[in-house]
Amino acid sequence: MNITEKILAKAVGKKAVHPDEIVDANVDMVMTHDLTGPLAVEAFNKIGVQKVWDNNKIVVILDHQVPAESIKAAELHKTMRRFAKDQTLTFYDVGRGGVCHQVMPEKGHVIPGAVIVGSDSHTCTYGAFGSFATGIGSTEAAAVMATGKIWFKVPPTIKLDIKGKFKKHVYPKDLILNIIGTLGVDGAIYRATEFSGPTIKAMSIAGRMTLCNMAVEMGAKNGIIAPDETTTEFLAGRVKKMPNLNQLQSDPDAQYERIVDFDVSKLEPQIACPSSVDNVKPISEIGNIPIDQAFIGSCTNGRLEDLQMAAKVMKGKKVKAGVRALIIPASQEVWSQANQEGLLQIFTDAGAIVCGSACGPCLGGHIGLLAAGETCVASSNRNFIGRMGSTQANVYLASPATVAASAIAGRIISPLEVKA
C-alpha cells in the first residue's frame, strides 16, 4: 500500500484498503474556525447529543474575520467562544493563535499517521507531516464532533515525483503552481497526491506545507508527504509522542493510478493569472502588469521562511508609490520570530504595513480588499473572481519573493530583476 492507504487502513482497523473502497474511519482530530464553525455548532445542536465525542480531539481557532469587523462577525466569534467553553475544547482566540493551518501543527495537534478533518478546504496542508488530512463541510464536522467517525471513499493516488535543485529565487510555491498549471484544476479530483523524490526530501517543512496546502486547487482529496527527520525536527517539543515513521512509508511495490515526473532544475518563477489557479505562466511570459496591491501571507506562504525570502528582496528598498504592500505573518509565533529577526522592521521601513496574524485579504475579509479595476499579486492560494473584494478586480498568485519584488517595482517582476 501507499502511505494514504496505510493510514486509512489503520483508521478503520483493517490490514488493507483499496482505491474506491468505502470505509468508516475513526478520526484523530477535527478543526473548525469562526467562518464555518457556527454552522457546525448549529448542526451539532440539532443532532441532539449533549457532549462531543472527545473534547481533547477538537480544536477551535478564530482566524478568518479577525479581529471582528462587523457585528455579525462578532456574534459568530461569540458563538464559537461559548461552544468551546461549554464543551471544554482547545480554543485559540483572537491574538492567541493565528491562521488555523499554521497553528494546528505549531501547537502539536498534527501527528504523522493521523486522520485529521477540518471544516476548511485547506486542511490538506497537514499532509506535509505525513497525516491524512482533508477538508469537510460544516454539517460533516458536526457529525464527526458527535461520533468521532466519518466515511471516506479511499482515493486513488497520483504520485508526483520531483527531482532537481531550485534555481535562485525559485521556490516550492513556483513548483506547486507549475504542477497545477500542468495537471489543471480538475487534474486530481478525489485523488490523493503524494509528493516524493529527492527535491521533496531536501525541502523544508514550510515548503512542504505550501505544496500540500494547494493540493486541493487541483481537486485532490489530500496531499501527503512521507514523514522523515525533517518532520521529526519540526514536531520535536510540540507533540508528546511520535509514531514509528518506518510504518508510514509507501511500500516499494505500492500501486498508483499514475506517476507524474517533474524536474525543477529549469523552473523559473511562476505566476497564476486571473482568474483560475491553473492559468499559470512562467514570469518571462507575463509582460508588463502594473499592480495596486501586494500581499504576503496566508496559510500558503505566511511562514517565517516566506517572510525571510521576502525581506531579503525588500531590505533597503521602498515599495513603489501607489502600491499597497500588506505583510501578514501566519501566526503569533511566526510574528514573534519575524520581529526578533528584524524582518518586520525591514517591511515597515520599505513602506509596507504589517498586520496581525489572520487570514486577511485571502478570502475577501476586512483587510486589504480590492476596488474595481485594481490588481493584486499575492502569495495566497486562490485568485477566483471576487476572492479579494470586487468582482472586477484581478488577482495574480506568486511566491513571496516575487510578490516582494513586484511591490518594489510596481509591476509583476522576477526577484532576479531587483538590484541588490
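The values are calculated or read from the model by the stated rules, or taken from the named source; none is laboratory data. Fair warning: this is a prediction, and the values are worked out from it, not measured in the lab. Note: ideal-geometry Cβ built from the backbone for every residue, glycine included; neighbour counts use all protein chains shown. All accessible areas refer to the heavy atoms of the entire protein, side chains included, with ligands and DNA or RNA removed. Shrake-Rupley method; radii C 1.70, N 1.55, O 1.52, S 1.80 Å.
Conditions (1) among the polar types (S, T, N, Q); (2) more than 27 Å from residue 217 (Cα to Cα), marked per residue:
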residue	(1), (2)
21	no, no
34	no, no
69	no, yes
80	no, yes
100	no, no
109	no, no
117	no, no
121	yes, no
127	no, no
*For the stretch 238-256, how many residues are over 22 Å from the mean Cα position of the chain (by Cα) and not in a helix (DSSP H, G or I)?*
13
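Report the residue count in the stretch 321-343 for those that are touching a residue at least 40 places away in the same chain (Cβ under 8 Å) and assigned to a helix (DSSP H, G or I). Steps first, please.
Step one: of the stretch 321-343, the residues touching a residue at least 40 places away in the same chain (Cβ under 8 Å) are 321-326, 329-335.
Still in the running and assigned to a helix (DSSP H, G or I): 332-335.
Matching residues across the stretch 321-343 total 4.
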*For residues in the stretch 159-172 being in a strand (DSSP E or B) and touching a helix residue (DSSP H, G or I) at 6+ places or on another chain (Cβ under 8 Å), which is surrounded by the most Cβ atoms within 10 Å (Cβ to Cβ)?*
160
*Kindly indicate whether any position in the stretch 129-136 is over 14 Å from the mean Cα position of the chain (by Cα), in the same structural domain as residue 210 (by TED's automatic domain parsing) and open to solvent by 10 Å² or more (accessible area, probe 1.4 Å).*
yes
*Pairs only if they're at least six apart or on different chains, beta carbon under 8 angstrom, first in the stretch 1-18 and closer than 17 Å to residue 157 by Cα and in contact (Cβ under 8 Å) with a residue 24 or more places away in the chain, second open to solvent by less than 40 Å² (accessible area, probe 1.4 Å) and of a type in the set (Phe, Trp, Tyr); list them, first residue then second.*
4/132; 7/132; 8/132; 8/152
*Given (1) out of contact with any strand residue (DSSP E or B) (no Cβ under 8 Å at 6 or more places or on another chain); (2) crowded, with 21+ Cβ neighbours inside 10 Å, index of the condition residue 18 fails*: (2)
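Please find, among 298, 331, 379, the residue that is farther than 21 Å from residue 62 by Cβ, of a type in the set (Ser, Thr, Tyr) and either in contact with a Leu (Cβ under 7 Å, 6 or more places away or on another chain) or open to solvent by less than 10 Å² (accessible area, probe 1.4 Å) (or both).
Values: 298 fails: farther than 21 Å from residue 62 by Cβ; 331 fails: farther than 21 Å from residue 62 by Cβ.
None of the others qualify; the one that does is 379.
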*Among (1) out of contact with any strand residue (DSSP E or B) (no Cβ under 7 Å at 6 or more places or on another chain); (2) open to solvent by less than 50 Å² (accessible area, probe 1.4 Å); (3) free of Cβ contacts under 8 Å to residues at least 40 places away in the same chain - the single one residue 84 does not satisfy*: (1)
*Hey, can you tell me all the residues within the stretch 7-66 that are of a type in the set (S, T, N, Q), within 26 Å of the chain's Cα centre (by Cα) and farther than 29 Å from residue 388 by Cα?*
26, 55, 56
*Pick from the stretch 1-15 the residues that are open to solvent by 30 Å² or more (accessible area, probe 1.4 Å) and assigned to a helix (DSSP H, G or I): which of them is farthest from residue 113 (Cα to Cα)?*
12
*Taking only the stretch 24-40 into account, find how many residues are open to solvent by less than 10 Å² (accessible area, probe 1.4 Å) and not in a loop (DSSP other than H, G, I, E, B).*
7
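From the list 54, 86, 63, which one is modelled with pLDDT under 95 and acidic (Asp, Glu)? Quick ask: steps written out before the conclusion?
On the way: 54 fails: modelled with pLDDT under 95; 86 fails: modelled with pLDDT under 95.
None of the other options fit; the residue is 63.
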*Only one of 179, 116 is surrounded by 23 or more Cβ atoms within 10 Å (Cβ to Cβ), part of a strand (DSSP E or B) and out of contact with any Cys (no Cβ under 7 Å at 6 or more places or on another chain); which?*
116
